[in-house]
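Visitor: Quick one: structure below, then a few questions.
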Amino acid sequence: MAWVNAIIQGLLTGGLYALFACGLSLMFGVMKVVNLAHGDLATVAGYIAVGIIAVSHVPVLWSIPIVVVLMAVLGYILQRSIIQAAITRGELTTLIVTFGLSIIIENGLQQFFTANSRGLGVGDSFITASFSIGSQISIAYLNLGIFVLAVVVLLGLQQYLSRSKYGRLIRAVADDREAAQLSGADYRHVFGIAAAIAFGTVAIAGICEGMITTISPTIGTDTILLFAFASVVIGGLGSLWGTLLGGVVLGVAQAVGAQINGSWETLAGYAVFLLVLVVRPQGLTSRGVQS
Amino acid sequence: MTETAKTSLRSGEPLKVTRSRRNVFLSGIGALAVIVVLFLLPYYVGPGTTGIMVQGLIVLTLASMWNLLAGYAGLVSVGQQAFLGLGAYFVLIPAMHGVTPWAGLFIAAIGAAVCAVPLWWLVARLRLGYFAIATWVLASVIMLVIEQISSVGGGTGMPLPGLSGGDAAVLTAHTYWAALTVAVLAIGGVYLLLRSKIGLVLTAIRDDERAARSSGVRVGLARMGVFVAAAAGCGAAGGVLAIEQLQVVPGTSGGVFSVQWTAEMAFAVIIGGIGTIEGPILGTIVYLVLQQTLQSYNAWYLIILGIVAIAVAIFARRGLWGTLDERLNIRLFPVGYYLWAPGESRRRKRQPARAGS
């Protein structure tokens, strides 16, 4: 039963990883930008939430929409300014700029907030509250809630991209920038919108990470970026459901690894990542060719 | 220095192609003089300054390697700290069995290069951004594996045996000479590599990968060669780092596997000028000056270095050296070719001459 429990816990954590991954996946899909600052931006969102809660004493859940809006605005501005400037100068510059941002943010957070980790107090009752199935499986409401939130975000994003006017515009620009431009779409603005959405999901991811464990300046890359990337690779490019599957596989692999040996948690996840990279580089769901 | 081109002018006059428009003899003498001065430095300055120079030389070695990767082979690796860390452990482990750390430096270079081969196989098919994060993951995996091995100190690290008991100032001087040797070999190695056939292959790939591939250039093999060579250089630098710190500490913040190392090498390359051998040297000087000026403000030097690197990447893509080169047309390490116009001679006053690279 302990194994079943581990798998269920891993599955729930996988939702969080999918949430980490969807912003990364979206920005790559639309702008072909691999945002190396992705994880650190999620950490920034977490710290903004910490700040908002400390100042205004709003409940954690209320801080989510505020931070999402703030991060979306930041995303639009960053995209229209330096990321766009980098894109026009080539992929090397884009990598340098996002890597630079990552290092600046991580060290900046360390300067201002020290290396100590902080939690987002959801209220102990909610963190520990859980329901049990049988004698050994207990599911925390918080973890379940985050998993459901992840599915809702992915589903919403999928629907938005396929149904709404802006969603169609984003897909058009992602498919063929020049053709979309010729049809009257300002691709820079569309990129900005896509970045705003990506940053919005990043904000949710950062806050969820803060609720489920703690945030510290270094988790941006050590945890969020690398796990997000592993999820994307495992699941396969270009599919949001693949991303969810990748996140779940990563989460389950980690949980099973932790069940075997407490210190193998992260390694077990990466072992699956490397296995997929070698055996099925296009990912579990995708049939296409890896770019 | 003059190479005879296979083709000749219609008039029958042979085309003259050299490595550089200027005479490289003088810059060669200059480089030699700089090395001699640097070699003699520990006799004239205190161990404090020598220690700072060791740091600079480590970053210089790393930056030259990153420049080779990103500037010439288009491989933007964010995981070079993996090889730095492996190098440190390849000095530590033999030292624990009685091998002197100085000999360990060779083991570090070779060991890191050997490790690079299977790692390359894992990331070879990934391009640019995905390659970057994948190397980052690999560095993380290598660190996690090493942290599991308790005989080399697990997650806390180990002091480096085999160097205790001597005069501290003498040890610093020896470390400095080791670091200088590694740096000179690294830069010299990059220079020779780029002047060899591999350099030509890399230029072909950079200009048009598809065309190079269809002309029979073995693109993957050339890239792998660069990846392995860069691993060897970073490994040797990691070995020097272990000797300098007299310990090997894993871990992502402050340890040998910290991404900060890759940040420093990448920023130095970008600021100095990517795709030139001189760039990393200039960038390292900028790094060292900033780091020493701001050393009492923790990581602020890295933040400022990052901001400068972003600004340079956007506004002056060729970096400091590239900008200088544009104005003055100087090449201390010519790796390209210069095609002389018929009748042009070295003596002629400066024309808007264009050096092909």
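Visitor: What order do you get for A:Y270, B:Y44, B:Y338 when you list them from fewest to most C-beta neighbours inside 10 Å?
Guide: Sorted ascending by nearby Cβ count, the order is B:Y44, B:Y338, A:Y270.
Visitor: Rg(Cα) of chain A divided by 2.2 N^0.38 Å?
Guide: 0.99
Visitor: Another question, then. Checking the a/c ratio against 1.5 first, then a/b against b/c, what shape does the Cα gyration tensor give for the stretch B:260-332?
Guide: Prolate, since a/c reaches 1.5 and a/b exceeds b/c.
Visitor: Using only Cα atoms, locate the centre of the stretch A:136-167 and the centre of the stretch B:120-160, then give the distance between them in Å, rounded to an integer.
Guide: Using only Cα atoms, the two centres lie 32 Å from each other.
Visitor: I'd like the mean, over residues of A:84-96, of how many other protein chain beta carbons sit within 10 Å of each residue's own Cβ.
Guide: The per-residue average across the peptide is 5.
Visitor: Given the protein assembly as shown, what count of lysine pairs have C-alpha atoms under 30 Å apart, with each pair 8 or more places apart or on different chains?
Guide: Final tally of qualifying lysine pairs is 6.
Visitor: Let me ask another. Going by how many other beta carbons lie within 10 Å of each one, how would you line up A:V202, B:V240, B:V335, fewest first?
Guide: Going from sparsest to densest Cβ surroundings: B:V335, B:V240, A:V202.
Visitor: At what distance in angstrom do the alpha carbon centres of the stretch B:177-230 and the stretch A:255-279 lie from each other?
Guide: If you average the Cα positions of each part, the centres end up 35 Å apart.
Visitor: Follow-up. For the stretch B:20-336, what does the alpha-carbon gyration tensor say about shape, rounded, prolate or oblate, given a ≥ b ≥ c as the root eigenvalues, a/c under 1.5 as rounded, and a/b over b/c as prolate?
Guide: oblate
Visitor: May I pose another question? Give the average over all directions of the projected area of the C-alpha convex hull of the protein assembly as shown, one decimal, in nm².
Guide: 33.1
Visitor: Please give the Cα centre distance for the stretch B:75-97 versus the stretch A:26-60, rounded to the nearest Å.
Guide: First find each Cα centre; the distance between them is then 33 Å.
Visitor: If you don't mind, another one. Rounded, prolate or oblate: pick one for the stretch A:1-147, where a ≥ b ≥ c are the square roots of the eigenvalues of its C-alpha gyration tensor, a/c under 1.5 means rounded, and failing that, prolate if a/b is larger than b/c, else oblate.
Guide: prolate
Readers should treat all values here as calculations from the given coordinates under stated rules, not as data from a laboratory. Predicted model, so just to flag it, every value in this text is computed and none were measured. Counting neighbours? That spans all protein chains shown, and the Cβs are built from the backbone with ideal geometry, glycine included.
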